[in-house]
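Sharing a structure below in C-alpha cells format, with a few things to ask.
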Amino acid sequence: MKDFIKNPLPASLPQGLIDKLEQVETATVGHFLHSVFVDRGITAIDPGKRVAGTAVTLRLAANDSTLLHDVISTLRPTDILLIDRSGDTKHACWGGVITNAAAICGFKAGVVDGPVTDVNEIRSNDFPMWSRGRSSVTTKLYAQSGAFNVPVSIGGVTVTPGDAVLADESGVIVLDPAEAEAVADKALGMQAAELDLIARLKAGEPLGQITGASKMVAERL
C-alpha cells in the first residue's frame, strides 16, 4: 500500500458560476438546504471574506504535513483547498510559511478541519482562511502518509474534488457542481426579495404583517 496518494487536479468550475456564487450568502442557502453545511465550529479567520471556488482536497495524518508542503504551490486561482485532519484537533498544519506559499501561489482560499497557527500572518497576507480554532503545536515533515484529491470529510460533510465551495462569515457549504447554479439562482432571488422586505419595513409595515406570521398567530389564538 502506498504511503502517499496524489491525484490530478479536478476540472475547474466555470468562472461565471464562481462569480455568481460569490454573490450568495451561505445563510440564505440555509433557508432552504440543510445537509451541505460543514460543522459550525469551522469559522472564518476574517469574517469580511466571502469566496467561492473549486474544491481541491487533502487528507493528512495527525502530525504530518509532508504532502501539504509538496502540493501547496501547485494550486490554481479558482481552487479552494480543503484539508481533512483525520480527526486531529491538536496539531496546526497551517501556519506562516504555508500562508506565504499559498498567497504567492495565488489560489482562492483554505479550509482546515482542525486548528491553524500564525493567525497574524494569515491576516497580513489577506488570505481567506477557515479553521477550527488555533494551536501552537504544529505538524512536522515525517513523510508518513497523505492523500491529495480524494473524497474527504470536512466538518461532517463529504467533499469530492471538483465540488463547488462557498465560504463566508456564517460558514462553509459544499455543493454538487451540477446543482450549484440552481442553488445560487434561488438564493439570489431570495436576497433580492429580502431587500424589498427591508424597504417595506422602513416604510412602516410590521414584519409579522409582511411575512404572514401575525395572521398565523391570530388564527391559533
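Looking at the structure I just gave you, is GLY146 under 13 Å from the mean Cα position of the chain (by Cα), of a type outside the set (Asp, Glu) and over 19 Å from GLN15 (Cα atoms)?
no
One line per residue, one yes/no per condition, for (1) within 17 Å of the chain's Cα centre (by Cα); (2) at pLDDT 95 or above; (3) crowded, with 22+ Cβ neighbours inside 10 Å:
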{"position": "ALA92", "(1), (2), (3)": "no, yes, yes"}
{"position": "GLY96", "(1), (2), (3)": "no, yes, no"}
{"position": "LYS108", "(1), (2), (3)": "yes, yes, yes"}
{"position": "ASN125", "(1), (2), (3)": "no, yes, no"}
{"position": "SER135", "(1), (2), (3)": "no, yes, no"}
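Something else now. Which of the following residues is assigned to a loop (DSSP other than H, G, I, E, B), among the basic types (Lys, Arg) and within 18 Å of the chain's Cα centre (by Cα): LYS49, LYS2, LYS20?
Details: LYS2 fails: within 18 Å of the chain's Cα centre (by Cα); LYS20 fails: assigned to a loop (DSSP other than H, G, I, E, B).
Just one listed residue meets the conditions, LYS49.
Give PRO161, PRO115, PRO151 a once-over and let me know the one that is more than 23 Å from GLY95 (Cβ to Cβ) and either without any contact (Cβ under 8 Å) to a residue 60 or more places away in the chain or in contact with a Leu (Cβ under 8 Å, 6 or more places away or on another chain) (or both). Quick ask: steps written out before the conclusion?
Numbers: PRO115 fails: more than 23 Å from GLY95 (Cβ to Cβ); PRO151 fails: either without any contact (Cβ under 8 Å) to a residue 60 or more places away in the chain or in contact with a Leu (Cβ under 8 Å, 6 or more places away or on another chain) (or both).
Among PRO161, PRO115, PRO151, only PRO161 is more than 23 Å from GLY95 (Cβ to Cβ) and either without any contact (Cβ under 8 Å) to a residue 60 or more places away in the chain or in contact with a Leu (Cβ under 8 Å, 6 or more places away or on another chain) (or both).
Here's a follow-up. Please go through segment 57-80 and pick out each residue that is modelled with pLDDT of 95 or more, of a type in the set (Gly, Ala, Ser) and surrounded by fewer than 24 Cβ atoms within 10 Å (Cβ to Cβ).
Across segment 57-80, the qualifying residue is only SER73.
One line per residue, one yes/no per condition, for (1) of a type in the set (D, E, K, R); (2) part of a strand (DSSP E or B):
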position: GLY53; (1), (2): no, yes
position: LEU67; (1), (2): no, no
position: VAL71; (1), (2): no, no
position: ILE80; (1), (2): no, yes
position: ILE83; (1), (2): no, yes
position: ASP88; (1), (2): yes, no
position: THR99; (1), (2): no, no
position: ILE122; (1), (2): no, no
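The values are calculated or read from the model by the stated rules, or taken from the named source; none is laboratory data. Computed from a prediction, not measured in an experiment: that's the story for all the values here. Glycine gets a Cβ as well: all are built from the backbone with ideal geometry, and neighbour counts include every protein chain shown.
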